[in-house]
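Step one of this worksheet: look at the structure below.
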Amino acid sequence: MESDSDKLLAADEPAVFTVEREHGASPFLVTVDHGGRRLPRRLGKLGLPDDELMRHIAWDIGASAVAHRLADALDAWTIHQTYSRLVIDCNRDPAVETSILTVSESTEIPGNRNLSAGQRKARADEILWPYQRRIARALDERKAANRPTVLIAMHSFTPVFKGIARPWHVGVLYNRDPRFAMLMKALFEAEGDLVVGDNEPYAVGDASDYTIPVHGERRGLAHVEFEIRQDLIAEEAGQRQWAERLARLLPLAYEQLNETRTKTARTAP
């Protein structure tokens, strides 16, 4: 049981998430699992200097800004996580040891060492589960209203990881169901100016991810996780360009998906 000594967030601290376009008409539902870099006051700076808390280890740089513009362009329900993934990764099952990292890339996280079971539980109960429950609630409401939904998980990645350059401008990620990801991959490649990763620089998996496997796959929803290289969306101009690109291409992929579904239904016995 969580004790008062383990409680993480004070009553006056910011909400765990923000929702935009709550009544948006779009079939797209957008999540930003690593959107923020805020730390609960009680955790201080986790023993890190300020410059480390500005890096990718703390948040997905540019992802929330792109998602915000995309929400406006498509009138899409969008949720942004407020707190840093260094507190707890909101795209990972908290039962997985790496949901709270003691080392990220090559940076040690002193404030994450030797946590008690109660301290780990408090981070999950106060930060991860409210965020994931809000996504589940939105999806339940859409299902009850018979509204179509395509789940879009927005992320960003570093241009260089442990000294190795990453050539991709954007990656489309998936696990068991590649349908929507492959439609987006083809549309990205047809743009003519992009190097597109197919499950690169990461791949979705049950141990490494939560949002897509649980909310996308288990519900049978079309879905894709985008990884955009962060140097392309670190500034406002790039954020605007990528939001405009996605706002143009996502409806095309959705139209193609529906055409495929219609053809399949016509040929079914």
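Taking all pairs of distinct Cα atoms, average 1/r, flip it, and tell me the Kirkwood hydrodynamic radius of the chain in Å to one decimal place.
Values: mean 1/r = 0.0521 Å⁻¹.
About 19.2 Å, per the Kirkwood formula over Cα pairs.
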Helix 63-74: angle to the longest alpha-carbon principal axis of the chain, degrees 0 to 90, nearest 10?
40 degrees
May I ask you to rank VAL196, VAL160, VAL19, VAL170 by accessible area, largest first, using a 1.4 Å probe over the protein chains only?
VAL160, VAL19, VAL196, VAL170
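Report the charge-dipole magnitude of the chain in Debye, nearest 20, computed about the Cα centre from +1 at each Lys and Arg Cβ and -1 at each Asp and Glu Cβ. Don't skip to the end; give the middle numbers.
Details: 35 positive and 40 negative charges, 130 e Å.
Rounded to the nearest 20 debye, it is 620 debye.
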Leaving ligands and nucleic acids out of the surface, order ILE100, ILE164 by accessible area at 1.4 Å, largest first.
ILE164, ILE100
Output the 0 to 90 degree angle, nearest 10, between the alpha-carbon long axis of helix 129-144 and the longest principal axis computed from the alpha carbons of the chain.
30 degrees
Rounded to the nearest 10 Å², what accessible area does SER26 show when all protein chains are kept and the probe is 1.4 Å?
10 Å²
Considering the Cα trace of the range 8-155, what is its radius of gyration and what is Dmax, both in angstroms?
15.8, 48
Expressed in square angstrom to the nearest 10, the accessible area of THR260 with a 1.4 Å probe stands at 80 Å²
Evaluate the relative contact order of the range 83-238 (contact order divided by residue number), counting alpha-carbon pairs under 8 angstrom at least 6 apart; express in whole percent.
28 percent
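Of all the stretches in the chain, which is the longest one without any exposed loop site, taking GluC sites (Glu not before Pro) in a DSSP loop (any state but H, G, I, E, B) with at most 16 other Cβ atoms within 10 Å? Write down the numbers at each step before the final one.
Values: sites that count: GLU2, GLU22, GLU105, GLU191, GLU235.
Here the longest segment lacking exposed loop sites spans 106-190.
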As an exercise, identify the trypsin sites (Lys or Arg not before Pro) in the range 212-269 lying in DSSP coil whose Cβ has no more than 10 other Cβ atoms within 10 Å.
ARG218
Just to confirm the number: angle between the C-alpha axis of helix 179-190 and the first principal axis of the chain, 0 to 90 degrees, nearest 10?
80 degrees
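The values are calculated or read from the model by the stated rules, or taken from the named source; none is laboratory data. The structure presented is a predicted model; accordingly, all values stated were derived computationally and were not measured. Heads up, the Cβs are rebuilt from the backbone with ideal geometry, glycines too, and the neighbour counts pull from every protein chain shown. Protein only, heavy atoms only, side chains kept; ligands, DNA and RNA dropped before computing areas. Shrake-Rupley method; radii C 1.70, N 1.55, O 1.52, S 1.80 Å.
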